């Protein structure tokens, strides 16, 4: 990589080298600029508590100017300087809006749960995606939301209660065991997997990359494999699982999906993810000496663009029962 700019001089050199190889040609500088500049705050209006128009009007009365997201009818942004004011509004406090990066709004939409279905949210805290699932399902059906960490579990519980979610059942347990205890039970599964969060790295925020190391990528990949297999075991034949992370690392993204395809054989297939976003690019068919296969190009990477964080999304269809271990 060329000599680092002032913006990237503080980043781990190994991370910068990997990023240069991961980002498509011609997009690296824009990606780095997006990781350096101030980011608007995005939020989604909670349909469980009413339509967007009254919330937008209420914010305008409070002097907070909002800009609609072009690809969503219920999501908006405010200037970085207005973030604190937004958090202090009644609409935020009572759950009529939920502050969330637009990248995090993508996985529930790709999963597309329907009212009346039984959905598993396998790593649910802090609850933004669970709340989104409940809104898409119109609070009809059941969401089983799993979170093992005590503090995060109670934060999940508070957020769902504030947001008016009544269709969720919460479980404080390790998601890796759900597949064996609840085999072929769910219509859809969302796995927003724990990851190294490379997509949230900010060049001016040392705390965002203080714990980054290649060893941690390998550790997270092993955890993600266990969670993904658990999710696939818990999914009904014919059901859909969406796997997502907020990291760039192929070891946590395409490699995890490739591992699952090899492990499950013909029982699991990749379905295309197509997003109306200029910063969405195809998943990787290979990384270094590893060949993942052409099917992985139907998964999607979201590049940072100054608003959206780096993200990865894959959609899997379970086409047959999994073989027993």
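What follows is calculated from the coordinates using simple rules that are stated; it is not laboratory data. Worth saying up front: this structure is predicted, and the values here are computed from it rather than measured. Please note: Cβ atoms are built from the backbone with ideal geometry, for glycine as well, and neighbour counts cover all protein chains shown.
The protection proxy used here, the mean number of other Cβ atoms lying within 10 Å of each residue, ranks peptides 107-120, 20-33 as follows, highest first: 107-120, 20-33. For region 118-201, the ratio of Cα radius of gyration to the globular rule of thumb 2.2 N^0.38 Å stands at 1.05. Restricted to Cα atoms, region 41-99 shows a radius of gyration and a Dmax of 10.1, 28 angstrom.
Which of the following values of mean projected area of the Cα convex hull in nm² was calculated from the structure shown: [x] 17.9; [y] 16.0; [z] 15.2? The value matching this structure is [y].
For the chain, what is the mean residue ellipticity at 222 nm derived from helices alone (per DSSP H run of n ≥ 4: -39500 (n - 2.57); sum divided by total residues; nearest 500 deg cm²/dmol)? Can you show the working numbers first?
Values: 11 runs with 102 residues, N = 325.
It lands at -9000 deg cm²/dmol.
Listed peptides 247-256, 212-221 appear in the order 247-256, 212-221 once ranked by packing, highest mean of other Cβ atoms within 10 Å at the front.
Taking all Cα-Cα distances within region 200-251, those exceeding 14 Å account for 63%.
Taking a ≥ b ≥ c as the square roots of the eigenvalues of the alpha carbon gyration tensor, region 151-256 is oblate, as a/c is not under 1.5 and a/b does not beat b/c. Comparing 134, 47, 81 in a Gaussian network model of the chain (Cα springs below 10 Å), the most mobile by mean-square fluctuation is 81. Kirkwood hydrodynamic radius of region 18-154, from the reciprocal of the average inverse Cα-Cα distance over all distinct pairs: 16.7 Å.
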